[in-house]
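A short worksheet on the structure shown next.
The values are calculated or read from the model by the stated rules, or taken from the named source; none is laboratory data. Please read all numbers here as calculations on a predicted model, not as lab measurements. We place every Cβ from the backbone using ideal geometry, glycine too, and count neighbours over all the protein chains shown.
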Amino acid sequence: MTLFDKFKSGDPLLLAAKLIVGFGIGIMIFAMVMIGIGMGALVTVERAELIAQFAKVGAPKNLVWLVAVALALGFGLLFLGVRFLLELFGIMDTVGTGDPFAPENGTRLSRMGWLAIGGQGVALALKGVVKVLEPYAIKAGKPIDLEFDLDMTGVLLVLILFILARVFRHGAAMRADLEGTV
């Protein structure tokens with residue numbers, strides 16, 4: 001099965017969802033590559049310049065490593081997002097084949113729940129790092145605009161994913177029981 005075959009569907013809504021999710025995955029992977037390039041530049045050619053900029057605003061020299069940590073956390077957050085969307089894509093594939101209550105979808109939904117929890121944790125860690133860097137960035141005239149909070153939407157998403165995972169597992173087990181009796 002080719003990648004193009006994965007986008008074939010008689011359902012226009014499912015096709016649109018697959019295209020949007022595929023586009024999201026592509027954007028996140030592109031952003032991960034850019035962060036990786038930025039991290040490489042930070043620890044090699046740009047390190048001295050960043051240290052000099054930090055010195056101008058009175059920041060400690062070793063704060064450059066905190067910038068690397070922020071980039072690594074951003075990379076990790078994007079990685080979790082890609083994994084989340086790949087799990088969603090797997091579910092959409094089973095819907096497209098007419099088997100949404102496949103046993104693996106319960107597992108996929110559980111993984112999506114754990115990925116969402118991990119994403120919330122990484123986002124909060126990133127926010128903490130940015131809070132340390134923010135005063136120096138403001139002094140340098142380059143404020144950091146990053147808004148992450150532990151919000152109820154994320155908590156609700158996690159709860160819904162874990163509940164749906166149970167529903168899908170139960171649905172798959174009921175279908176297996178029904179097939180066994182017929």
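Within the range 143-174, being touching a Phe, Trp or Tyr at 6+ places or on another chain (Cβ under 9 Å) and under 25 Å from V129 (Cα atoms) holds for one residue alone: V158. Taking residues in the range 149-168 that are more than 12 Å from G119 (Cα to Cα), and partners anywhere that are hydroxyl-bearing (S, T, Y) and at pLDDT 90 or above, the pairs with Cβ atoms closer than 7 Å and at least 6 places apart or on different chains are F162/S110; A165/S110. For the range 158-171, check the following and say yes or no: at least one residue is charged (D, E, K, R) and in a helix (DSSP H, G or I). Yes, because at least one residue in the range 158-171 is charged (D, E, K, R) and in a helix (DSSP H, G or I).
If you check V82, V67, V57 for being touching a helix residue (DSSP H, G or I) at 6+ places or on another chain (Cβ under 8 Å), surrounded by 16 or more Cβ atoms within 10 Å (Cβ to Cβ) and closer than 19 Å to E134 by Cα, only one passes: V67. Taking each residue of the range 82-101 that is within 20 Å of L115 (Cα to Cα) and looking for partners that are of a type in the set (G, A, S) and assigned to a helix (DSSP H, G or I) with beta-carbon atoms closer than 7 Å, six or more apart or interchain, yields F84/A116; L85/G24; M92/A17. Any idea which of (1) in contact (Cβ under 8 Å) with a residue 60 or more places away in the chain; (2) more than 27 Å from D11 (Cα to Cα) is the one A137 doesn't satisfy? So A137 meets the others, but not (1).
Hey, does the range 11-27 have a residue that's surrounded by 14 or more Cβ atoms within 10 Å (Cβ to Cβ), charged (D, E, K, R), under 30 Å from H170 (Cα atoms) and modelled with pLDDT of 85 or more? So far as the range 11-27 goes, yes, one or more of its residues are surrounded by 14 or more Cβ atoms within 10 Å (Cβ to Cβ), charged (D, E, K, R), under 30 Å from H170 (Cα atoms) and modelled with pLDDT of 85 or more.
Here Q120 meets the list (1) in a helix (DSSP H, G or I); (2) out of contact with any Gly (no Cβ under 7 Å at 6 or more places or on another chain) almost entirely, failing just condition (2). Selection of the range 138-182 for residues being over 26 Å from the mean Cα position of the chain (by Cα) and among the aliphatic types (A, V, I, L, M) yields I138, A140, A172, A173, M174, A176, L178, V182. Among the residues of the range 118-129, those that are farther than 20 Å from L63 by Cα and crowded, with 17+ Cβ neighbours inside 10 Å comprise G119, Q120.
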